[in-house]
1. Can you tell me which of 112-125, 32-45 comes out highest on packing, and rank the rest after it, using the mean Cβ neighbours within 10 Å?
2. Through the Karplus equation 6.51 cos²θ - 1.76 cosθ + 1.60, θ set to phi - 60°, convert the phi angles of segment 128-139 into ³J(HN,Hα) values in whole Hz; use x for Gly and Pro.
3. Would you list Tyr127, Tyr109 from fewest to most Cβ contacts within 10 Å?
4. HN-Hα J couplings of segment 91-108 from phi, Karplus 6.51/-1.76/1.60, θ = phi - 60°, integer Hz, Gly and Pro as x?
5. Whose amide H sits under 5 Å from the amide H of Val28, counting only residues 5 or more places off or on another chain, with H placed in the peptide plane?
6. Could you tell me the center-to-center distance, by alpha carbons, between segment 101-125 and segment 61-77 in angstrom?
7. Full-extension gain between Gln102 and Ser54, please, as 0.36 nm times their residue separation minus the C-alpha to C-alpha distance.
8. Return a whole-number percent for the relative contact order of the chain, with Cα pairs under 8 Å and 6 or more residues apart as the contact set.
Amino acid sequence: MRLLCFQAKRFRWRSHSKTLPDVPEQEVEEEVTESLVVFVQAEPSDEEKERRSSILRQTLKHIKWLANKRNLRNIVLHSFAHLGGQITSPVCAESFLTDLAQRLRETDYNVWVTPFGYFCEWDLSVYGESLAKVWKEIN
C-alpha cells in the first residue's frame, strides 16, 4: 500500500474520463475544504487475505494520525495507480477504498471518495508545513 497525503485548505475534483470500461457513467464535481486528501495505491501483496486486515489497520492509523495533527475531520480518498511499484486489480483496490471509507465514517470522519475508475481534474491547495505533504508506504 502506498499513500500520498495532503493536508488541504481546499480540494476540488471533477470526473474527466473513464479509465475502466465497466464502471458506471458519472459526472461528478465536488469541493471539500479543510481536509486530508489521500491518494491510495493498492499493490498485489495487499490482496493477500492474511495481510489485508493489517494493511487496513495501519492505513487507518496513519490517516487518523495525520488528520488529527491539524484537527481535520474531512477525508477525501482517491484511488491513484501512479505512485510507483505494481498495482493490484481494480476489484481489490475498490474494495479496499470502500472498506477504508466505511471504517473512517464509523469513527466520525466525513469521507468522500472520488469516482473510481476515472481520471479526474483537480484543484488542490495545500498547507505549507512539512506534515502537510506526507508519503507513506505500508508493508
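No value in this document is a laboratory result; all are computed from the given coordinates. Owing to the predicted nature of the structure, the values given are computational and were not obtained by experimental measurement. For neighbour counting, all protein chains shown are included, and Cβ atoms are generated from backbone atoms with ideal geometry for every residue, glycine included.
1. For the peptides 112-125, 32-45, the packing ranking is 32-45, 112-125.
2. Whole-Hz 3J(HN,Hα) from phi for segment 128-139: x, 4, 4, 6, 7, 9, 10, 9, 9, 10, 10, 10.
3. Working: Tyr127 14, Tyr109 19.
Ordered by Cβ neighbours within 10 Å, fewest first: Tyr127, Tyr109.
4. 4, 5, 4, 5, 4, 4, 4, 4, 5, 4, 4, 4, 5, 5, 4, 5, 10, 6
5. Hits under the 5 Å cutoff: Ser15.
6. Between the Cα centres of segment 101-125 and segment 61-77 lies a distance of 12 Å.
7. Details: separation 48, 0.36 × 48 = 17.28 nm, distance 1.61 nm.
My answer for the length gained is 15.7 nm.
8. Values: 267 pairs, mean separation 58.0, N = 139.
So the answer I get is 42 percent.
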